[in-house]
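Enquirer: Below is one structure. I have some questions about it.
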């Protein structure tokens, strides 16, 4: 059986019961990690599978399709990290018209009882669910008693006196405050994916890049950054990275382009992870390619100086948990 499921229907996934946590899990920050750890601990105590339940697209993306909020973590990376934390099954439910119109009581009955045979359900602070976000922890507990499962919430995880949240992380990233983002996430902020072919303009300008697409999502970053690239050899590679729409060459879709210093290998198809260290500048539109190239040289020099002064932390690494997809993301 695949460890990932996308559908509300389809019969019991856990006929003997399960312990479930529910959340957006965007970023999988310290608060999310505490929720997942609690779920995995309870699942082991009860000898039941631990299930993490999330949505794709995220509800706030579904309801703001013309102007979706920035995304911290892409679906595949979310799945990998959840499985790496000990979760046995990940439900990435398709959030569509049907699911958005499901009442809180119906969601508990159809998904938590019928699909997952939940024995316990764990959520984070200020949890809301169901049509119109009408359900809260009190309703979940009441419905759980009627349907045969126990529901509870974990205590808020705070840092510097405020609750850890994806909103705080997005604000820190916008401000270029990677130190705060790292503390809230419990790891450096990075974007991973498989290297794809681009227009090879960077190669023509003397700056070949490893390109990652953002899967149609809105990235939480934009600009030029000093960065480390993981997944190319046994040690991270220093790099300068651009994340944006490339206005000088009339780009449209957000693209992450990482230029690895002193590297000439072929990375197409390889899965890498780009860790952001420091923001150098905003993305700009230059009058011509010569002006762009001159600035790229200045960016590269600045990135080299920043990274050469940094003590690299070797414990950071990309999750490589394997899984099978039951349906395309």
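Read the figures in this text as sums done on the coordinates, not as results from a lab. Since this is a predicted model, take the numbers as computed values, not measurements. With ideal geometry, Cβ positions are generated from the backbone for all residues, glycine too; neighbour counts draw on all protein chains shown.
Enquirer: Specify whether the C-alpha gyration tensor of segment 23-156 places it in the rounded, prolate or oblate class, a ≥ b ≥ c being the square roots of the eigenvalues: rounded for a/c under 1.5, otherwise prolate if a/b is larger than b/c and oblate if not.
Expert: It is oblate, given that a/c is not under 1.5 and a/b is not larger than b/c.
Enquirer: Something else now. Under the rule of -39500 (n - 2.57) per DSSP H run of 4 or more residues, summed and divided by the residues of the chain, what mean residue ellipticity at 222 nm is obtained, to the nearest 500 deg cm²/dmol?
Expert: Dividing the helical sum by the residues of the chain leaves -8000 deg cm²/dmol.
Enquirer: Contour minus end-to-end for residue 283 and residue 305, with contour as 0.36 nm per residue of separation and end-to-end as the Cα-Cα distance?
Expert: Additional length available on full extension: 5.9 nm.
Enquirer: Continuing with the same structure: Quick check: convex hull over the Cα atoms of the chain, volume per residue in Å³, rounded to an integer?
Expert: It comes to 140 Å³ per residue, whole-number rounded.
Enquirer: Would you mind putting 72-80, 6-14 in packing order, based on average other-beta-carbon counts within 10 Å, highest first?
Expert: Taking the mean over residues of other Cβ atoms within 10 Å, the ranking is 72-80, 6-14.
Enquirer: Could you tell me how many degrees, from 0 to 90 and to the nearest 10, lie between the Cα long axis of helix 75-84 and the main elongation axis, the longest principal axis, of the Cα atoms of the chain?
Expert: With rounding to tens, the tilt is 60 degrees.
Enquirer: What ranking, highest mean first, results for peptides 304-310, 123-129 when packing means the other Cβ atoms within 10 Å averaged over each residue?
Expert: 123-129, 304-310
Enquirer: Give me the mean projected area, in nm² to one decimal, of the convex hull enclosing the Cα positions of segment 82-189.
Expert: Value for segment 82-189: 8.4 nm².
Enquirer: What share of the DSSP beta bridges in segment 4-159 is antiparallel, in percent to the nearest 5?
Expert: Approximately 5 percent, going by the DSSP bridge assignments.
Enquirer: Relative to the first principal axis of the alpha-carbon coordinates of the chain, what is the inclination of helix 30-46, with its axis defined by its Cα atoms, in degrees from 0 to 90 and to the nearest 10?
Expert: Here the helix axis deviates by roughly 40 degrees.
Enquirer: Compute the relative contact order of the chain as a whole-number percentage, counting only Cα pairs closer than 8 Å that sit 6 or more residues apart in sequence.
Expert: Relative contact order, the chain: 19 percent.
Enquirer: Among bridges DSSP assigns within the chain, what percent are antiparallel (round to 5)?
Expert: The antiparallel fraction comes to roughly 60 percent.
Enquirer: Quick one: grab the alpha carbon gyration tensor of segment 188-308, order the square roots of its eigenvalues as a ≥ b ≥ c, and give me rounded if a/c is under 1.5, else prolate or oblate depending on whether a/b is larger than b/c.
Expert: rounded
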